[in-house]
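K.L.:
Let me give you the structure first, and then I'll get to my questions.
The values are calculated or read from the model by the stated rules, or taken from the named source; none is laboratory data. Model, not experiment: these values are computed from the prediction. For the accessible areas, the whole protein counts, side chains as well, though only heavy atoms, and no ligand, DNA or RNA atoms are used. Shrake-Rupley method; radii C 1.70, N 1.55, O 1.52, S 1.80 Å.
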Amino acid sequence: MIKFLDLHTLNARFETEFQEVFKKFLDSGYYVLGNNVRSFEKSYAEYCDTNYCVGVSNGLDALILILEAYKVLGKLQEGDEVIVPANTYIASILGITKAGLKPVLVEPDLNTFNIDPTKIEAAITPKTKAILVVHLYGQLVEMTTIYEIAKKHNLLLMEDAAQAHGAKNANDKKAGNLSDAAGFSFYPTKNLGALGEAGAVTTNDEKLAEIITKLRNYGSSSKYVNQYKGVNNRLDEIQAAFLNVKLPHVDADNEIRRQIAKRYINEINNPILILPNYKNDDSHVFHQFVVRTENRNKLQVYLTENNIGTLIHYETPPHKQEAYKEWNQRSFPITEKIHVECLSLPINPILKTAEIDEIITVLNKYS
Ligand SMILES: *Cc1c(COP(=O)(O)O)cnc(C)c1O
């Protein structure tokens, strides 16, 4: 069986280093907001080339904290509208809702799966205060038009970069440094994954970073002094230690993902399958390799019968979820088409050459 993703094998590569950092951590007796968190924040800010990185509990909390910090700064208010792609993972939208703001869904471009910049302006109202782009499946959003729109309408611009660690544009600017503030997740399956829950915010805005640093820790500026009604959204110390081990390897891992994607694109030649667009550059880190086909469920059954694991990202779009009952009657045809037709093939740094060969052969025999 070719697993879709084997988390144990993925992390076994770092077993010795994990054990070393765990021993140090245990012996230190310092288990919350210590040197590991501080050094990870410094390294990850350097990696993204941003002035600040604040480690937080997970990707969803990263998004909520950005929005809450803008409320503290008076740049957002309860009920303001935030534009977000309709086909994103639901966490992007839940973050907006949880911060007391109103998500406004915009259709994606079928060719990139990312928000369609030409459809943003029609969604802007006097209440619109921000755009949250999502670099879905690891592919950077084409930002040029979006920068113009944000500037023209005086909107905040944020990235959900949970799937795009290390993706960079033609000017070598990375995900996390393409907007006012970005949320990252280090959930174990992400391109940079912890061994549990973890996340971060990156930004060049000193004030915003300072407020988020306090909000994540009970709104506290120093011990038992509470400036804001904060939360406990700290990045766990041991997860930061594990992330410090893995961060130096993320670029090499992303390069392997791209090499696999290139093989799929060059060698899968089955007209029944629509392969993702790829510009052959570093703007895509292939968190997922998503193909489309009319009879997706049939393809998934066929691959399972041939011992190839796949997943669907995602089966039900946010506006059709019970959680957003108020949207269930609305229609987003492109989003719905993607959700019916998409299937994610295995793509990860531990896939063996023989497994890639097998996946290509099996897909080329599919009819
Ligand atoms: C994983 C993910 C999140 C949420 O991250 P968690 O760490 O699971 O909270 C948010 N947005 C996107 C696009 C994601 O893929």
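K.L.:
Leaving out ligands, DNA and RNA, and with a 1.4 Å probe, what % of the accessible surface on region 1-82 is carbon or sulfur? Mind dumping the intermediate values first?
P.N.:
Numbers: 2300 of 4370 Å².
Carbon and sulfur atoms account for 53 percent of the accessible area of region 1-82.
K.L.:
What accessible area per residue, rounded to a whole number of Å², is obtained for region 128-177 using a probe radius of 1.4 Å? It would help to have the intermediate numbers written out before the result.
P.N.:
Working: 1850 Å² over 50 residues.
Result: 37 Å² of accessible area for each residue.
K.L.:
Further question: In terms of modelled amide H atoms, which long-range or inter-chain residues lie less than 5 Å from the amide H of Leu235?
P.N.:
Val56, Ser57
K.L.:
What are the ³J(HN,Hα) couplings of region 128-143, residue after residue, when phi is run through the Karplus curve with 6.51, -1.76, 1.60 and θ = phi - 60°? Round to Hz, x for glycine and proline.
P.N.:
So the J values, rounded to whole Hz, are 5, 10, 7, 10, 10, 8, 10, 7, 6, 6, x, 9, 4, 5, 6, 8.
K.L.:
I need the phi-derived Karplus couplings for region 164-169: 6.51 cos²θ - 1.76 cosθ + 1.60, θ = phi - 60°, integer Hz, Gly and Pro marked x.
P.N.:
Karplus-based 3J(HN,Hα) across region 164-169 equals 10, 3, x, 5, 9, 8 Hz.
K.L.:
Per the 1.4 Å probe, what fraction of the accessible area of region 84-231, in percent, lies on carbon and sulfur atoms?
P.N.:
So the carbon and sulfur contribution to the accessible surface is 52 percent.
K.L.:
Eight or more residues apart or on different chains, and alpha-carbon atoms under 30 Å: count the Lys pairs in region 272-357 matching that.
P.N.:
9
K.L.:
I'd like the distance separating the alpha-carbon centroids of region 130-153 and region 257-297, in whole Å.
P.N.:
23
K.L.:
Show me, for region 18-24, the HN-Hα J-couplings you get by feeding each phi into the Karplus relation (A = 6.51, B = -1.76, C = 1.60, θ = phi - 60°), rounded to Hz, glycine and proline as x.
P.N.:
Those phi angles translate into 4, 5, 5, 5, 5, 4, 4 Hz.
K.L.:
Counting heavy atoms of the protein chains only and a 1.4 Å probe, report the per residue accessible area for region 202-290 as a whole number of Å².
P.N.:
Values: 4170 Å² over 89 residues.
Counting only protein heavy atoms, the per-residue value for region 202-290 is 47 Å².
K.L.:
Next question, about the same structure. Within straight cross-link reach of Lys229, meaning Cα distance under 18 Å, which aspartates and glutamates are found once same-chain residues fewer than 8 apart are removed?
P.N.:
Within reach: Asp61, Glu68, Glu78, Glu210.
K.L.:
With all protein chains present, how much of the accessible area of region 312-352 (probe radius 1.4 Å) comes from carbon and sulfur, to the nearest whole percent?
P.N.:
In region 312-352, the share of accessible area belonging to carbon and sulfur is 48 percent.
K.L.:
In terms of modelled amide H atoms, which long-range or inter-chain residues lie less than 5 Å from the amide H of Val104?
P.N.:
So Val104 has HN proximity to Val82, Ile83, Val84.
K.L.:
Follow-up question, since we're still on this one. Per residue, how large is the accessible surface of region 1-93? Use a 1.4 angstrom probe and give square angstrom.
P.N.:
Values: 4550 Å² over 93 residues.
For region 1-93, the per-residue accessible area is 49 Å².
K.L.:
Same structure again: How big is the antiparallel share of DSSP beta bridges in region 104-237, given as a percent to the nearest 5?
P.N.:
Approximately 55 percent, going by the DSSP bridge assignments.
K.L.:
Moving to a separate point now. Determine the percent antiparallel among the DSSP beta bridges restricted to the chain, to the nearest 5.
P.N.:
Percentage antiparallel, nearest 5: 60.
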